[in-house]
Every structure is written in C-alpha cells, then in structure tokens.
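Novice: Would you mind keeping the following structure in view while I ask a few things?
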C-alpha cells in the first residue's frame, strides 16, 4: 500500500515517517504541510492511504476531504479529540488517531485501512473497466487496473498483469489512447507503466513491483510529475 502525509508540524511528520518505515507493506510517497499542496497530487495519482491532520494552515482537513475526487482511505491524526464524532460522519475516514499515539495504535489504524481497501478491491474487480485481447485466436479478459506494465518489442506488445502475460501484434501508441492517463504513464519508447505499482526509482530505472524498467530521458520529467515528485 502506498500513502502520503498531510501534516503541517514537522515533528509530527517525523513521527509518522518513522512509524510508516516500520511497516514493510506501507510505502510513503510524499509528505505535505498544507492541503493545497497535496490537492494536485491526489487528483492525478492513485493513493491508498492519507494520514491527514485536521488543523492545517490553508483549510480544515475535514473540508479538504470533501474536495478530493474518489478519496482514498483517510486516517485522521490530530491533537483534538472533539472532532472525532464529526470525522466519522465521513465514510472515507477509517480511523481517528489522537496525538500522541503509540506505534501499536498506529498499526491498528493501518490494518483497518488495509481491510477496507481489500474489501473495496474485491467489490470493484467485478465492475472494473476491462478490455479483451485477441491472442492466439482466444479472447482474454484484462482488468485494466491490474496491468503492471506494457512492453513494446518491434511489432509486438506484451501486456503484463498481476497474473497474466500476453504477447500479440500491436503498437505502444495504440495503448496510449486506451489507458487512463491519470494512472498510466509512458516512461520509455518501449514501456508504459501503471503508477499504482511503482515501488521505487533509482537514477534512470523504475521498479514496477520487482521488474526493472528503464526510464527514457525525454519521458522522465512527465513521470516525476505524475508521481508528484
């Protein structure tokens, strides 16, 4: 699961970062001190969890939640317990952490978010946007959200998902019109990747799950923009 922090106090950010680093399944993508800084990133990227303070310098965290399109799982982190009742009226909030909170309490909140995300994914799979690929005279159903990356090799395209790998004659250019632009990005003349599955970037290499994919010089700026870096 990936996550971001929206917290204006640096000491509180540091505590959250240290707690996140202790959970192998949780990856911190970015941290922001104001809601407006995070707004553009959230509208252009898929995030699983947001750790959100309520008292932010530009707007209330609760008001900010209402502005997010398709909001992720929200875990509130605040020093003010009196907001708890109001917070839980918002369906996207999965837990409410009152500062100072322990790592055990933090982990419990993360596990609650994980359970909700897994339940949501199981529901969405049946209705997720799909595409059928004709490979070797057989139509294969592909759920677009499960695509890890697409690789081009001369006249062939290989579509790699979490549990499939299909190769057939096509061009990478055709795929740029089929995929959601807020989730997929071309990183090389031969690769389109799903930003949802990016684990890390090292120099001119991007890791999608465990696969190393080169980053082309002309594509790097757009990639970093999509990832909010």
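Novice: Taking the range 156-193, which residues are over 22 Å from residue 221 (Cα atoms), part of a strand (DSSP E or B) and touching a helix residue (DSSP H, G or I) at 6+ places or on another chain (Cβ under 6 Å)?
Specialist: 161
Novice: Separate question: For the range 150-161, name all the residues that are touching a strand residue (DSSP E or B) at 6+ places or on another chain (Cβ under 8 Å) and at pLDDT below 85.
Specialist: Hit for the range 150-161 is 155, nothing else.
Novice: For the range 1-108, give me every one of the strands (runs of 3 or more DSSP E) that falls completely inside it and has 1 or more residues that are without any contact (Cβ under 8 Å) to a residue 24 or more places away in the chain and touching a strand residue (DSSP E or B) at 6+ places or on another chain (Cβ under 8 Å).
Specialist: Output list reads 93-98.
Novice: For the range 194-205, name all the residues that are assigned to a strand (DSSP E or B) and either more than 16 Å from residue 46 (Cβ to Cβ) or touching a residue at least 60 places away in the same chain (Cβ under 8 Å) (or both).
Specialist: Across the range 194-205, the qualifying residues are 199, 200, 201, 202, 205.
Novice: Are any of the residues in the range 182-189 at pLDDT below 90, outside the structural domain of residue 42 (by TED's automatic domain parsing) and surrounded by fewer than 16 Cβ atoms within 10 Å (Cβ to Cβ)?
Specialist: Yes: one or more hits.
Conditions (1) surrounded by fewer than 13 Cβ atoms within 10 Å (Cβ to Cβ); (2) modelled with pLDDT under 85, marked per residue:
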| position | (1), (2) |
| --- | --- |
| 67 | no, yes |
| 78 | no, no |
| 83 | no, yes |
| 95 | no, no |
| 98 | no, no |
| 113 | no, no |
| 124 | yes, yes |
| 148 | no, no |
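Novice: Still on this model: Here is a check on your reading of the model: is residue 132 under 30 Å from residue 76 (Cα atoms) and over 19 Å from the mean Cα position of the chain (by Cα)?
Specialist: Criteria not met by residue 132.
Novice: Go through the range 171-181 and give me each residue that's surrounded by 17 or more Cβ atoms within 10 Å (Cβ to Cβ) and under 18 Å from residue 139 (Cβ atoms).
Specialist: Scanning the range 171-181 gives a single hit, 175.
Novice: Here's something else I'd like to know. Filter the range 153-163 down to residues that are surrounded by 10 or more Cβ atoms within 10 Å (Cβ to Cβ), within 18 Å of residue 195 (Cα to Cα) and without any contact (Cβ under 8 Å) to a residue 40 or more places away in the chain and give me whichever is farthest from the chain's Cα centre (by Cα).
Specialist: Ranking the qualifying residues of the range 153-163, first place goes to 158.
The values are calculated or read from the model by the stated rules, or taken from the named source; none is laboratory data. Just so we're clear, the structure is a prediction, and the values are computed from it rather than from any experiment. Methodologically, a virtual Cβ is constructed for each residue, glycine included, from the backbone with ideal geometry; neighbour enumeration extends over all protein chains shown.
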